[in-house]
Amino acid sequence: MLIETFRVFCDLVDTGSYSQAAEKNYVTQSAVSQQIRNLEQTLGCALVQRVRRELRLTPSGLIFYRTAKRIASEHASMLDRLKSIPAGGLGTVRVSSIYSAGTYLLQDYIRGFIKAHPEARVDIEYQKAARIYDDILRDRADIGIMAFPARRKGLEIRPLLSEDMILICSPRHPFARKESLELSRLQGQDFIAFDPSTPTRTALDKILHWHGIKVNVTMELDNIETIKSAVDTRSGVSIVPETAVRNEARLGRLRALRFTDVRIQRPLCVLVRRGRRFSRAVQFFLEHLRCG
């Protein structure tokens, strides 16, 4: 039996839902059902049963759940201890970050960190926000970097910085002749938005709604690079972090405008697992970010 099967079973019990257990482990619902069936066949006993559409543990299932939970916890603790003893050099820092932060902001931090600690290594993976939470809780990453993080059990949120959000448009757009504009000018404009699943989209929707502004969302994208490309080739506008468009604005490929009546900021935060023991490399990296 694999440790991943233990985690899937515990998630199924904790959530009471095959679909939620599948989502937490990035597998299909049928894959969860198959793992549970294989587990029961291997053990020779039923572990879960349905009672009035509610998932309940059998007596055998309760014994297995308590043990599986403890094993999964011990496994995570073991990995923590192993990472605290680097095999040559200072060790590796695993970072799970949203694309925009990793591309436009983190690179300078990483270069400075490696310069100060050349014996360390930083591995960074770009993920969607929902995956970053799980990467930290599942110990697939030491540090998460994301915007507008939501509080989650077992996670600690540490502020990193706030970046200004600005309007971007094509040089051919009527707004391109302006240096700045009021937020209300977005009323009825064709708008290229972030994907609805992103926290930044949720925050921007709330701001526009609070100001009574309705935009015409023509596209929904989950990557700032594709948003910039869509703004450049289409007639729509968008609101993105200023750091993400400095180069395009300097070269004249896009126009970047500030708002005259409101300042929209996006908080970037560091996520770590609450109560976790950090390796020296991770602790030094957090101190470098001024989040230690």
From the set of residues in the stretch 250-271 that are among the basic types (K, R) and within 20 Å of L161 (Cα to Cα), which is surrounded by the most Cβ atoms within 10 Å (Cβ to Cβ)? R266
Wholly within the stretch 66-174, strands (runs of 3 or more DSSP E) carrying at least 3 residues that are more than 26 Å from D205 (Cβ to Cβ): 91-97, 120-126
Scan V272, V282, V240 and give me the residue that is in contact (Cβ under 8 Å) with a residue 60 or more places away in the chain, assigned to a strand (DSSP E or B), assigned by TED's automatic domain parsing to the domain that holds D139 and within 20 Å of the chain's Cα centre (by Cα). V272
When the residues of the stretch 32-62 are narrowed to those that are surrounded by 15 or more Cβ atoms within 10 Å (Cβ to Cβ) and assigned to a helix (DSSP H, G or I), which ends up nearest to the chain's Cα centre (by Cα)? V32
For the stretch 246-269, give me the residue count where each residue is charged (D, E, K, R) and either within 20 Å of A129 (Cα to Cα) or not in a helix (DSSP H, G or I) (or both). 6
Single condition F148 does not satisfy, out of (1) more than 16 Å from C269 (Cα to Cα); (2) touching a Lys or Arg at 6+ places or on another chain (Cβ under 9 Å): (1)
Name the one entry in A68, A46, A101 that is modelled with pLDDT of 80 or more, of a type in the set (A, V, I, L, M, F, W, C) and in the same structural domain as S279 (by TED's automatic domain parsing). A101
Among the residues of the stretch 216-227, are any more than 28 Å from the chain's Cα centre (by Cα), over 19 Å from R266 (Cβ atoms) and surrounded by fewer than 18 Cβ atoms within 10 Å (Cβ to Cβ)? no
Would you please name the residue that is nearest to F194 (Cα to Cα), looking only at residues in the stretch 104-121 that are without any contact (Cβ under 8 Å) to a residue 12 or more places away in the chain and within 21 Å of the chain's Cα centre (by Cα)? Q107
Suppose we keep only residues that are among the small types (G, A, S), over 14 Å from the mean Cα position of the chain (by Cα) and not in a helix (DSSP H, G or I) within the stretch 187-206. Which one would you say is farthest from V240 (Cα to Cα)? G188
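The values are calculated or read from the model by the stated rules, or taken from the named source; none is laboratory data. Computed from a predicted structure; not experimentally measured. FYI the Cβ positions are ideal-geometry reconstructions off the backbone, even for glycines, and counts take in every protein chain you see.
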